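Take a look at the structure set out below.
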Amino acid sequence: MSKLGNLGARLHRGEVSYDFIGHRKLWYGISILITITAILGLAVRGLNMGIDFQGGAVFTTPKNTHVSVSQAEDSAEAASGHQAVVQKLGDGSLRIQIAGMDTQQSDAIKEDLAKDFKLDSESIAADLVGPSWGDQIANKAWQGLAIFMILVVIYLAIAFEWRMAIAALVALIHDITITVGIYALVGFEVTPGTVIGLLTILGYSLYDTVVVFDSLKEQTKDLTKQTRFTYSEVANRSINGTLVRSINTTVVALLPVAGLLFIGGGVLGAGTLNDISLSLFVGLAAGAYSSIFIATPLVADLKEREPQMKALRKRVLAKRAQAAADEELAESRGDFGGEPEEATPAVVGPRDQSGPRSRRRPSGKRR
């Protein structure tokens, strides 16, 4: 068995563990700090909304256009007066996006680009995207997100309990906020692919959270009938028992997404992959983090406020205090041995076991 597999087996059996629940204030602080940074980035820089949401024109040059991306950007911005987004496609053609263009403006820009690139204007394809279509996409995305959240809460409340539903909802909002904030800080373009990526990571984050919750539900059956563990301790065992599984799942999911983001988008220059790969990469990592460090500790906090769990904690702590006191007393007796009892003085001659002065019936016949 590999070292990681051996560690997973020991974590599942409870032989080794890390106190995730005990350090929950640290995880809450880290998450709050990251979330505030994401919100500030979103407020200061805003999202770089793609042409599908803003409306505008998209120009595509013929194959093997011998113009660099920087030259195309300068030409497009000079012709339109707006910021242009240029992507080099795999066949050597250029895809130029300029927001806020109408039909007349796009025709003039097309002519200017053909002159700069030394191409025939008819060889450049121009597509117009209206802003109303982008508004429809945005509205549908928000509607889908709201319906997804409502269904998640209902499902978790029925399958588990309402505290777990609240914790899962907080974790999902945490993942969305961080992902959107990263998009604002990095400046990647937000496209329909980004929306698809966001909805995908919500499903993954929910799956990872449900795995931990299912283990927690199984281990907390008839919890109040024992006095060995508190709810927080059982929750911590559930996290440790599924930790290696969560790590393996996250790593396997992140590897192909990292290939799309860093190799496909960064090395090969396939910029069309950046919109969905970044949302998947950040969202998968945030989802794994939130299910371990946010959702389960939050459930433990909510459950520990119940009267039954408060009473259970008191009984557990009282039993442990009594056991510690008994052990300390036993150790104290073992160290000092107490006061030695007085040795019984030696008596010459046989005695009865009843005492040193008891008479012994003489043997033989009576006289």
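Which of the residues that make up segment 123-145 are of a type in the set (A, V, I, L, M) and within 18 Å of PHE53 (Cβ to Cβ)? Quick ask: steps written out before the conclusion?
Kept after step one, since they are of a type in the set (A, V, I, L, M), are these residues of segment 123-145: 124-126, 128-129, 137-138, 141, 145.
Listed by number, the residues that qualify are LEU128, VAL129, ILE137, ALA138, ALA141, LEU145.
Check GLU306 against each of (1) modelled with pLDDT under 85; (2) surrounded by fewer than 19 Cβ atoms within 10 Å (Cβ to Cβ) and name the one condition it does not meet.
In the conditions (1) modelled with pLDDT under 85; (2) surrounded by fewer than 19 Cβ atoms within 10 Å (Cβ to Cβ), GLU306 misses (1) alone.
Filter segment 3-31 down to the residues that are charged (D, E, K, R) and either modelled with pLDDT under 90 or buried (at least 16 other Cβ atoms within 10 Å of the Cβ) (or both) and list them by number. First the steps, then the outcome.
We begin by selecting, within segment 3-31, every residue charged (D, E, K, R); these are 3, 10, 13, 15, 19, 24-25.
Within segment 3-31, LYS3, ARG10, ARG13, GLU15, ASP19, ARG24 qualify.
Can you pull out every residue in segment 32-53 that is in a helix (DSSP H, G or I) and surrounded by fewer than 17 Cβ atoms within 10 Å (Cβ to Cβ)?
So the first thing to find is which residues in segment 32-53 are in a helix (DSSP H, G or I), and the list is 32-44, 51-53.
ILE32, LEU33, THR35, ILE36, THR37, ILE39, LEU40, ALA43, VAL44 - these are the residues of segment 32-53 that are in a helix (DSSP H, G or I) and surrounded by fewer than 17 Cβ atoms within 10 Å (Cβ to Cβ).
Please work out if GLY334 is part of a helix (DSSP H, G or I), at pLDDT below 85 and under 29 Å from the mean Cα position of the chain (by Cα). Steps first, please.
Details: part of a helix (DSSP H, G or I): yes; at pLDDT below 85: yes; under 29 Å from the mean Cα position of the chain (by Cα): no.
When the stated conditions are applied, GLY334 does not pass them.
Check off (1) assigned to a loop (DSSP other than H, G, I, E, B); (2) closer than 30 Å to ILE176 by Cβ for PRO62 and give me the number that stays unchecked.
It fails just one condition, (2).
The values are calculated or read from the model by the stated rules, or taken from the named source; none is laboratory data. Bear in mind that the values here come from a model prediction, so they are computed numbers and not experimental data. Using ideal geometry, Cβ is built from the backbone for each residue, glycine included, and neighbour counts are taken over all protein chains shown.
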